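Down below is the structure, laid out as structure tokens.
The values are calculated or read from the model by the stated rules, or taken from the named source; none is laboratory data. Here the structure is a predicted model, which is why all the values come from computation and not from measurement. Heads up, the Cβs are rebuilt from the backbone with ideal geometry, glycines too, and the neighbour counts pull from every protein chain shown. Accessible surface areas use protein heavy atoms only, side chains included; no ligands, DNA or RNA. Shrake-Rupley method; radii C 1.70, N 1.55, O 1.52, S 1.80 Å.
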Amino acid sequence: MNREGIVIRNTGSSFLVRLDDGSETNCRVKGNFRIKGIRTTNPVAVGDRVSVTKAADDADYITAIAPRRNYIIRRASNLSKESHILAANIDCTLLVVSIRDPFTPTTFIDRFLATAEAYAVPAALVLNKEDIWDDDDHELAEGLRILYTSIGYPVFKVSAVSGEGIGELREFLHDKTTLLAGNSGVGKSSLINALVPGAELKTGRVSDIHHTGTHTTTFSEMVPLPDGGQLIDVPGVKGFGTIGFKASEVSHYFPEIFRYGRECRYGDCKHTGEPGCAVRQALEEHLISESRFASYLSILEEIADKDKYRKPF
């Protein structure tokens, strides 16, 4: 008999499913399920609604996945696969950023936001570790806040240690299923501990030598919020590779570039030197951020390199 439920934890080798009756069961995935045209490292993701069947060996197996409302995906580090799904069926994705220890590059931020746009997932930013900022850090954080709010992304400045900004963030997350993502070491686990009293997730220390974070989250898990909603915590990533982008569509995933791009002389303008380019004009007039435009160009270059590699010699 099939039972239905939601995947709330993915350890890589097994999946914890919360069934509709409120019970939880550990499940596995049959081998043939993994190779039915699914080019990802994880054909099942946290947030997936699934069907569960008990097999002859008395073990529970996931046998089907319901159509996904949306998902967030990134290029996988495993070269034998194409992609890795971070989470499915989410209302929002929250990218946790740190100004220092470690520093989160704007390229990483922009690639993540572009992916959220591509897969129709509303996104917001959290600038964490406000308690350790100096004057220069505060100035940079305010600059990032102004930049990204002007594009349309909510931005929160918080400290998981002092509690600054946590109340406002908690209100924003109320009744939402939210993917919590970020570089290794940005303080995601500490943030969850601040948002969910009693969560007691393990936290790690940032390397004094390289100023990079250590992986403290080793699997993806859904954590209930006390006032309604849930967070999906995923392992920190050191880079964010886009996947499935076409060069002609990249500007669609940068809202401000897309907005000015509609005024270009040519409908297929890539904004890389074509005459009558309204995006280049907006860039010169500081209406588009240089850092955002550089991120846009970096994705175009990545696509061009891949296309070149695919061509026969």
Among the residues of the stretch 151-172, is any polar (S, T, N, Q) and open to solvent by less than 50 Å² (accessible area, probe 1.4 Å)?
-> yes
Would you check which residues across the stretch 124-138 are outside any loop (DSSP other than H, G, I, E, B) and open to solvent by 10 Å² or more (accessible area, probe 1.4 Å) and list them?
-> Glu130, Asp131, Ile132, Asp135, Asp136, Asp137, His138
Leading residue by the ranking (surrounded by the fewest Cβ atoms within 10 Å (Cβ to Cβ)) among those in the stretch 178-191 that are more than 13 Å from the chain's Cα centre (by Cα) and not in a loop (DSSP other than H, G, I, E, B) = Ser190
Between a first residue in the stretch 167-184 that is within 16 Å of Phe156 (Cα to Cα) and a second residue that is open to solvent by 10 Å² or more (accessible area, probe 1.4 Å) and part of a helix (DSSP H, G or I), which pairs have beta carbons less than 7 Å apart while being 6 or more apart in sequence or on different chains?
-> Leu180/Lys188; Gly182/Lys188
Would you check which residues across the stretch 109-123 are open to solvent by less than 40 Å² (accessible area, probe 1.4 Å) and either at positive phi or hydrophobic (A, V, I, L, M, F, W, C) (or both) and list them?
-> Ile109, Phe112, Leu113, Ala114, Ala116, Ala118, Val121, Ala123
Note down all Cβ pairs under 7 Å where the first residue falls in the stretch 257-282 and is of a type in the set (Phe, Trp, Tyr), the second is surrounded by fewer than 16 Cβ atoms within 10 Å (Cβ to Cβ) and in a helix (DSSP H, G or I), and they're at least six residues apart or on different chains.
-> Phe258/His252
Test result for Gly228, modelled with pLDDT of 90 or more and part of a loop (DSSP other than H, G, I, E, B) = yes
Out of all the residues in the stretch 291-300, is one or more under 25 Å from Val121 (Cα atoms), open to solvent by 90 Å² or more (accessible area, probe 1.4 Å) and at pLDDT 95 or above?
-> no
Answer with yes or no whether Tyr309 is out of contact with any Asp or Glu (no Cβ under 7 Å at 6 or more places or on another chain) and modelled with pLDDT of 95 or more.
-> no
Report, by residue number, each residue of the stretch 226-276 that is over 30 Å from Pro197 (Cβ atoms), within 18 Å of the chain's Cα centre (by Cα) and of a type in the set (A, V, I, L, M).
-> Ile243, Val250
Hey, does the stretch 59-73 have a residue that's surrounded by fewer than 20 Cβ atoms within 10 Å (Cβ to Cβ) and part of a helix (DSSP H, G or I)?
-> no
What residue, among those in the stretch 9-18 that are open to solvent by 10 Å² or more (accessible area, probe 1.4 Å) and assigned to a strand (DSSP E or B), is modelled with the lowest pLDDT?
-> Asn10
